[in-house]
Amino acid sequence: MAKIIAGIGCSHAPSIAHAYDHRLVEEPPWKPLFTAFKQTSQWLLRQKPDVLIVLYNDHVDQYFFDAWPTFTIGVAAEYQIADEGWGPRTFPIVPSHQKFAQHLAIQIVENGFDLTVSQRMVLDHGFLSPMPLLDPEWAVPIIPMTINVVQPPLPTPKRCWELGEALGKAILGFPEDLRAVVIGTGGLSHQLTGPNFGTVYPEWDRKFLQLLEEAPRELASYRMEDFARLGGDHSIEIVQWLAMRAALLSAAKMELRFYYPYGLMGYGIAGFRVPEV
Amino acid sequence: MSTYEISRMLYSLRDPMNRETCRTNPEVYYRHFDLDETELQFLLDRSWQNLVDAGVSIYLLTKLGATLNVDLLEIGASMRGMSREEFLLLVKEQGERNQKYTIPLA
């Protein structure tokens, strides 16, 4: 049977992509972040995952306001890279595990979620800024899932938590032996508009990491407006971390924790290991 | 003001050929879409905060930024009523103040 062996929460940002593409990863302000990603990658790959389920949000690179899906899962065999305005970044096509993705789609619907199922989607920086850092060889197949944090009305954090629980159940119901890792990307604090553009909220970010470890369900009782007020309007992406956390069993332990407030963002990474019985 | 049409224009800038056309003559490009005069003026003036206040997503504005070679730092500085240099200094000072909150990866 499939099992969930680990979970990761990590930031995604065009700044990460930019630093990577412009070979700035060894430069002093960036080095701590990229070193932390490298160590997280080593930690992840040591656990020999068979598939990575990546919960992120699109930034109007795939979806539009004609019909923005609340929750999606990709069931394609592979995925193309989005052009966010600077041409698609040069990575190979991203491979998936189609059979497992289709199983998840069916099971999550059975578990009470009306998922949008996508047969074709382009992956933007929500996926693509951290993933080459976590799996540089592109060795592990991925399954993309998105949450709407752009077009109101947004799902509640509670609903995002429940999605994670439904995902966790669906993973465990897959009859083949598969070592699955759930990754939630986004956040931490950032504000991209208005008089507070560029402000970072490190005290809240650290509290978020603490709650994620000690009382994650409490985070599910917050409202989106709370997250926006505490960490900036665009930090509400942390619901993807919540969904990741909810997918893991309650026995999951936070083994990795990293926080780095720099530039326009509070960059964070958290790694959870699920004890293998 | 419904932002659907201006959003549609900005979304079209995902296509590199559209970006090239827009770059060549932005006003002509904008006028292909059914925008109202206020929106059009905000675009021509590059009034980023006015566009945000009108309800346009920052994730769409960055695509126009990419087209016109205006980066997020410049967009943000203008939203704060600062020069790029002033804003970069502010961000640097914020980073120094916040350094104490760093958690190194254990």
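Near B:N25, within a Cβ-to-Cβ distance under 14 Å, what is the net charge of the other residues, with Lys and Arg +1 and Asp and Glu -1? So the surrounding residues net to +1.
At a Förster radius of 25 Å, what calculated FRET efficiency corresponds to the Cβ-Cβ distance of B:D15 and B:A54, to the nearest 0.05? That gives a FRET efficiency of 0.60. With R₀ fixed at 45 Å, the C-beta to C-beta distance from B:N25 to A:A228 puts the FRET efficiency at about 0.75.
Counting only helical runs of four or more DSSP H residues, what would the 222 nm mean residue ellipticity of chain A come to if each run contributes -39,500 (n - 2.57) and the total is spread over all its residues?
-10000 deg cm²/dmol
Only four residue types carry charge here, +1 at the Cβ of Lys and Arg and -1 at the Cβ of Asp and Glu. Report the dipole size of the stretch B:4-101 about the Cα centre in Debye, rounded to the nearest 20. Walk me through the numbers on the way to the answer.
On the way: 12 positive and 16 negative charges, 90 e Å.
With Lys and Arg at +1 and Asp and Glu at -1, about 440 debye.
Against the compact-protein benchmark of 2.2 N^0.38 Å, the Cα-based radius of gyration of the stretch A:126-219 scales to 1.31. Taking every C-alpha pair closer than 8 Å and separated by at least 6 residues, the mean separation divided by the residue count of chain B gives a relative contact order of 25 percent.
Once the Kirkwood radius over Cα pairs is known for the protein assembly as shown, the Stokes-Einstein relation at 4 °C and 1.567 mPa s delivers a diffusion coefficient of 61 µm²/s.
The modelled label-to-label distance for the pair A:K3/B:Y101, using points 7 Å beyond Cα in the direction of Cβ, is 3.8 nm. Using a simple spin-label model with pseudo-atoms 7 Å out from Cα toward Cβ, B:D36 and B:N69 lie 3.4 nm apart.
Maximal additional length on extending the A:W86-A:A139 stretch stands at 16.5 nm, based on 0.36 nm per residue less the C-alpha distance. Adding -39500 (n - 2.57) for every DSSP H run of four residues or longer, then dividing by how many residues chain B holds, sets the calculated 222 nm ellipticity at -19000 deg cm²/dmol.
Share of antiparallel DSSP beta bridges in the protein assembly as shown, in percent to the nearest 5? Don't skip to the answer; put the middle values down first.
On the way: 20 of 43 bridges.
Roughly 45 percent of the DSSP beta bridges within the protein assembly as shown come out antiparallel.
The distance from the alpha carbon centre of the stretch B:48-106 to that of the stretch A:229-243 is 18 Å, rounded to a whole number.
Calculate, for A:I106 and A:Q47, the FRET efficiency according to 1/(1 + (r/R0)^6) with r their C-beta to C-beta distance and R0 30 Å; round to the nearest 0.05. Provide the component values of the computation, followed by the final result.
Numbers: r = 27 Å, r/R0 = 0.89.
Once rounded, the FRET efficiency stands at 0.65.
Remark: the stretch B:13-30, residue by residue, has Karplus-estimated 3J(HN,Hα) of 6, 5, 8, x, 5, 5, 5, 4, 4, 5, 4, 4, 7, x, 4, 4, 4, 4 Hz, where x stands for each Gly or Pro and the curve is 6.51 cos²θ - 1.76 cosθ + 1.60 at θ = phi - 60°.
Annotation: lysines with alpha-carbon distance below 23 angstrom to A:K31 (same-chain offsets under eight excluded): B:K92, B:K100.
Throughout, read-outs are computed from the coordinates displayed, never taken from laboratory work. If you're wondering where the values come from, they're calculated on a predicted model, not measured in any experiment. Please note: Cβ atoms are built from the backbone with ideal geometry, for glycine as well, and neighbour counts cover all protein chains shown.
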